[in-house]
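Just below is one structure, and these are the notes that go with it.
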Amino acid sequence: MAGRSGELLRRWRSARGPWRWVVVAVVAALLVGVPALLASRPGDARADPVQLRDLVAASADRPWTGYAEARAGLGLPRIAALSDLTTLLSGVTRLRGWYAAPDSARTDVLSAVGERDRYTTPRGQAVWDYGAELLTLVARDPEVRLPRPDDLLPPDLARRLLSGTAPSDPATELPSRRVAGVDAAGVRVTVTDPGTTVGALDVWADPATGLPVAVEVRAKGVAEPLISTAFAELEQGPPDPAALEPRRGPGAGVTRSPTSDLFGVLGRGDGSTLPASVAGRDREPPERRFPALGQYGTTLGQLIAVPLPPDLAGSLLDGIGRAGAGRTLTVDGQGAALETPLLRLAVIRSGDGARAWALAGLVPATAIDAGAADLLAGGRT
């Protein structure tokens, strides 16, 4: 396992195609934002907010085809080893999607330099990189993984985040909006869990189908949304089946990969350094193929921990230090955290340099500090 994981990691670092998290680095010229008119036109739709929340949560069987723009304003500094992630969460992403079912979908990420297409099929996933003329067939990504562009599509973002809320979290009606031709009703779910930085989820959806068409994510204590996404074009109904079949151009290359996610690569290694609990959160049973991925908790306040090779941890710590935007952790070893009002990502390494981890979550700083201490101490029983 160690030799195979090392080879995967070397392939990851040298990759120039769809390997690097399959996330397109959206250049500054594309930072055009979600057009204000798309998000602000009033509508007439009304719906009971609790019923609308439940309808949205159950909308995974609603097919659609559309184009959306997502803005993430987390303001993360650019760090070479995390550039795809920091760009995704600190800019605008343009997305075209086809969705028939959870196991039959396609998302194209559009940029000034090309296009990257991700297909989800019953056989697995496939990623087509137009620039590299390379089709990568992916066996499986872990359920716990780094964010990627299709997570920012309104239906995906709404369902994923709502799944981490509690039924008792208040749901209140929002003014309706006209989004991509849909007279959408709105619901705000106020998150009461003190263990997460997420303050509220605002979702606008078709009141007849529950399909989300616009989403805004607010952090506690922050008035403006830090993540917003909305359809600009939308057609509800089954997409063209031909658009869901992976295709490559004549002469293009084909490669296979066990996973397209960095956490997935690392998660296939040894998870013996992960404790049973961190920051008061018990570890969920690990995925069979990814024993080194630690998921602590199931709500929006969950923490994700994954062991890092010491040299990669050193590179990340150096990058955070050079960016001048990290908080130094007071731990028995080394630790630094990138922090926003919504997301925190920390890198921790033991004093002897033999053990290291990444620790991340939509959690307050106190959870990161406690989690780092538990990782270094081997966890609390």
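The values are calculated or read from the model by the stated rules, or taken from the named source; none is laboratory data. What you are looking at is a predicted structure, and each value in this text was computed from that prediction instead of being measured. When we count neighbours, we look across all protein chains shown, and the Cβ atoms used for this are built from the backbone with ideal geometry, even at glycine. Side chains included, ligands, DNA and RNA excluded: accessible areas come from the protein's heavy atoms. Shrake-Rupley method; radii C 1.70, N 1.55, O 1.52, S 1.80 Å.
Below is a table of values for the structure above.
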read-out	value
Cβ-derived FRET efficiency at R0 25 Å, residue 365 paired with residue 80, nearest 0.05	0.50
In range of the label at residue 322: residues from the range 85-108 whose backbone nitrogen is under 15 Å from the point 7 Å along Cα→Cβ	none
Cα centre as origin, Lys/Arg/Asp/Glu Cβ charges: the chain dipole, Debye	840 debye
Cα-based Rg of the range 339-381 normalised by 2.2 N^0.38 Å, two decimals	1.17
DSSP-loop trypsin sites (Lys or Arg not before Pro) across the range 73-123, with at most 11 other Cβ within 10 angstrom	123
Nonlocal amide H pairs with residue 331, under 5 Å, H built at 1.01 Å	none
1.4 Å probe accessible area per residue over the range 198-312, in Å²	40 Å²
Global geometry of the chain, whether rounded, prolate or oblate, following the gyration tensor of its Cα atoms and the 1.5 cut on a/c	oblate
Karplus 3J(HN,Hα) series, Hz, for the range 260-267 with 6.51 cos²θ - 1.76 cosθ + 1.60 (x for Gly, Pro)	10, 10, 4, 4, x, 4, 5, x
Charged-residue dipole, Cβ positions (Lys, Arg, Asp, Glu), the range 72-179 about Cα centre, Debye nearest 20	140 debye
Cβ-defined net charge surrounding residue 259, 9 Å radius [Lys, Arg +1; Asp, Glu -1]	+2
Charge context of residue 188, other residues only, Cβ under 12 angstrom, K/R +1, D/E -1	-2
Cβ-derived FRET efficiency at R0 35 Å, residue 282 paired with residue 352, nearest 0.05	0.80
Of all accessible heavy-atom area on the chain, the percent that carbon and sulfur account for (1.4 Å)	52 percent
Solvent-accessible area per residue for the range 129-168 (1.4 angstrom probe, square angstrom)	40 Å²
In order through the range 68-79: 3J(HN,Hα) via Karplus (6.51 cos²θ - 1.76 cosθ + 1.60), integer Hz, x for Gly, Pro	9, 10, 10, 10, 10, x, 6, x, 6, x, 7, 10
Net charge of Cβ neighbours under 9 Å - reference residue 338; Lys, Arg +1; Asp, Glu -1	+1
